[in-house]
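Enquirer: Just dropping this structure here.
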Amino acid sequence: MSLSIRTRLMLYYMVAFLVVLTMLFGLILYELSVNLTHRLDRTLRRERLWLEEQMETRYAPLLQLNGDSLLERALQADLDEWYAHQREFAIIQVGEGNSARFYQGGKFERPLQLLPVDFFTRDPGYYTIYLQGKKYRTIMRRRDWGRIIVGAENEIFGRVVDELTEIALGLIPLMIVMLLVGGWVMARVAFQPVVQAAEAARRISLTNLEERLPPYAGKDEFGLLVNTLNSMIERLEQGVRRVQRFTQDAAHELRTPLTILRGEIELAYQQASLEEPLKEMLGRLLDRVILMQKLVENLFLLARADTREMPVEKSPVQLDELIHEVQEDLQLLVDERPVRVLLSRNDAVRVNGDRALLYRLFMNLCDNAAKFTHQGNIELSLTQQDGQAVFRVRDTGVGIAEEELPLIFERFYRTRRARGSEKGSGLGLAIARWIAQAHGGQIDIESQPGKGTSVTVKLPLQE
Ligand SMILES: Nc1ncnc2c1ncn2[C@@H]1O[C@H](COP(=O)(O)OP(=O)(O)OP(=O)(O)O)[C@@H](O)[C@H]1O
Ligand SMILES: [Mg+2]
């Protein structure tokens, strides 16, 4: 699964935050535990000292080896009273070994039995032990007459931990949601320039190389990237402009010599004294030169379109009149073949455009229809639909294979079928499309191999 940088950043940010938070929580708990234990220890110490004092004063007779049963009962009663409602317990041992006597009281009925077995072998000091699953802090102290053990539940700490855990458990989902939302918003804001730059970059192509990525004010790495990309686009633009200029210059330079060549050949061709084979050859040469002239003219037009130097002089054009002209000229193109030229509809439609260019656009389409239709019909129609002038040429010609359809508007592209013939260089449709676009219109083509082709031009009406 590939996540966007935005999402990944947001997740990293969230995980980092949670880790820091957990560590902080742990640290607080640790500090608290140390602190509270310390306090508890002080309380236990006071308790022990007090018990010691009691033993060594009021109950001093008990410390003799033979216990006084009356005093013993009094001590037990006192112990029961002192520790009646406490969560503490106390054990007093008098004597050592088998003759030791124990007095106990407090939380448990017999705390002595609950102590860990090794407890009495330990050195005097503070211990944390578990009694019936609860944490008890315990102090053990030896005296020359025996020992005293006092323990208390580490209760406050337990409660604090419980409460903090509860708070944390309640807060964590909320925090995750807040972190997700916050992270998402932050990442979105931070990445907005990237998204904008990507959108701008997507729009830039060979036809609008003068555009640039939106300027970025920051002097950070992203600003560096934007500036670098922009200067790269600038270098590309310069390179492309050079090539375009070169093509335009080359086409321009070829025009004059071709005109001269054609004039000379025509002159020679008209010489009365010319012998037949030579005349034939000159005729073929002339055909070639005319084709070449057409190619160079087309190339020159497209090159000027690229450099935006091709003039488009717009004025109101009555399209239906123009279509009549086109129809007549198309008739001449198909003359000897069994192809009928029809004008099925010719609405009175007016557009704002360059008459010569529009004629060229329609003629290029009709020329194709005539070239690739050996019998049947070529049907022209001009209608008005949805505020647009719609011109359609429908032929019953050879058609175009589906996989070649997207390619035929490319410069110099000719379908496999067409490549054999000498007529045509594959620039006609590229020019037609440029003219349509220069008028704010578009061309669509549909075709079925063997059945025919239909080309539709849509142009905005004159307002
Ligand atoms: N009406 C059509 N029927 C069948 N194929 C067509 C039709 N129109 C265009 N094509 C195919 O598309 C190719 C490109 O057309 P385009 O007009 O650009 O070039 P061309 O006609 O070959 O040469 P040019 O127009 O420069 O004389 C043609 O070579 C042809 O293969
Ligand atoms: Mg053509």
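Enquirer: Could you count how many residues in the stretch 312-336 are free of Cβ contacts under 8 Å to residues at least 24 places away in the same chain and either outside the structural domain of Ala432 (by TED's automatic domain parsing) or not in a loop (DSSP other than H, G, I, E, B) (or both)? Outline the logic, then answer.
Expert: Filtering the stretch 312-336 for residues free of Cβ contacts under 8 Å to residues at least 24 places away in the same chain gives 321, 324, 328, 331-332, 335-336.
Restricting the remaining residues to those that are either outside the structural domain of Ala432 (by TED's automatic domain parsing) or not in a loop (DSSP other than H, G, I, E, B) (or both) gives 321, 324, 328, 331-332.
Total meeting the criteria: 5.
Enquirer: Based on what the data block shows, is Tyr59 assigned by TED's automatic domain parsing to the domain that holds Leu36, out of contact with any Lys or Arg (no Cβ under 7 Å at 6 or more places or on another chain) and closer than 17 Å to Leu40 by Cβ? Working first, answer last.
Expert: Numbers: assigned by TED's automatic domain parsing to the domain that holds Leu36: yes; out of contact with any Lys or Arg (no Cβ under 7 Å at 6 or more places or on another chain): yes; closer than 17 Å to Leu40 by Cβ: no.
In short, no.
Enquirer: What number goes with the only condition from (1) acidic (Asp, Glu); (2) touching a helix residue (DSSP H, G or I) at 6+ places or on another chain (Cβ under 8 Å); (3) more than 16 Å from ligand 2 (Cβ to nearest atom) that Glu336 does not pass?
Expert: (2)
Enquirer: Now for a different question. Return the residues of the stretch 400-418 that are near ligand 1 (Cβ under 6 Å from one of its atoms) and either closer than 14 Å to Ser454 by Cα or small (Gly, Ala, Ser) (or both); say none if nothing qualifies.
Expert: Matches in the stretch 400-418: Ile400, Ile408, Ala418.
Enquirer: Given (1) more than 13 Å from ligand 2 (Cβ to nearest atom); (2) free of Cβ contacts under 8 Å to residues at least 60 places away in the same chain, identify the lone condition not met by Phe391.
Expert: Here Phe391 meets the rest and fails (2).
Enquirer: Take the stretch 419-453 and flag every residue that is more than 6 Å from ligand 1 (Cβ to nearest atom), assigned to a loop (DSSP other than H, G, I, E, B) and not polar (S, T, N, Q).
Expert: Correct list: Glu422, Lys423, His439, Gly440, Gly441, Pro449, Gly450, Lys451.
Yes or no, residue by residue, for (1) hydrophobic (A, V, I, L, M, F, W, C); (2) within 24 Å of Gly158 (Cα to Cα):
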| position | (1), (2) |
| --- | --- |
| Arg39 | no, yes |
| Arg48 | no, yes |
| Tyr59 | no, no |
| Tyr83 | no, yes |
| Ala90 | yes, yes |
| Asp123 | no, no |
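Enquirer: When Arg337 is evaluated against the numbered criteria (1) within 16 Å of ligand 1 (Cβ to nearest atom); (2) of a type in the set (D, E, K, R); (3) closer than 20 Å to Pro460 by Cα, which criterion, by number, is the only one it fails?
Expert: Failing condition for Arg337: (3).
Enquirer: Moving to a separate point now. Do you know which residues across the stretch 96-110 are part of a strand (DSSP E or B) and either within 60 Å of the chain's Cα centre (by Cα) or surrounded by 20 or more Cβ atoms within 10 Å (Cβ to Cβ) (or both)? First the steps, then the outcome.
Expert: Of the stretch 96-110, the ones part of a strand (DSSP E or B) are 101-106.
Result: Tyr103, Gln104, Gly105, Gly106.
Enquirer: Given the residues Gln54, Gln86, Gln93, Gln113, which is the only one that is in a strand (DSSP E or B) and either crowded, with 16+ Cβ neighbours inside 10 Å or at pLDDT below 85 (or both)?
Expert: Of the residues listed, the single one that is in a strand (DSSP E or B) and either crowded, with 16+ Cβ neighbours inside 10 Å or at pLDDT below 85 (or both) is Gln93.
Enquirer: Follow-up. Check the stretch 401-415 and report whether any residue there is more than 16 Å from ligand 2 (Cβ to nearest atom), outside any helix (DSSP H, G or I) and within 28 Å of Asp335 (Cα to Cα). Outline the logic, then answer.
Expert: Here is the first cut: in the stretch 401-415, the residues more than 16 Å from ligand 2 (Cβ to nearest atom) are 401-403, 406.
Right, trim to outside any helix (DSSP H, G or I) and you get 401.
Next, only the ones that are within 28 Å of Asp335 (Cα to Cα) stay: 401.
Yes, the conditions are met somewhere in the stretch 401-415.
The values are calculated or read from the model by the stated rules, or taken from the named source; none is laboratory data. Note that the coordinates shown come from a computational prediction; the quantities given were computed from them, not determined experimentally. Cβ: placed from backbone, ideal geometry, glycine included. Neighbour counts: every protein chain shown.
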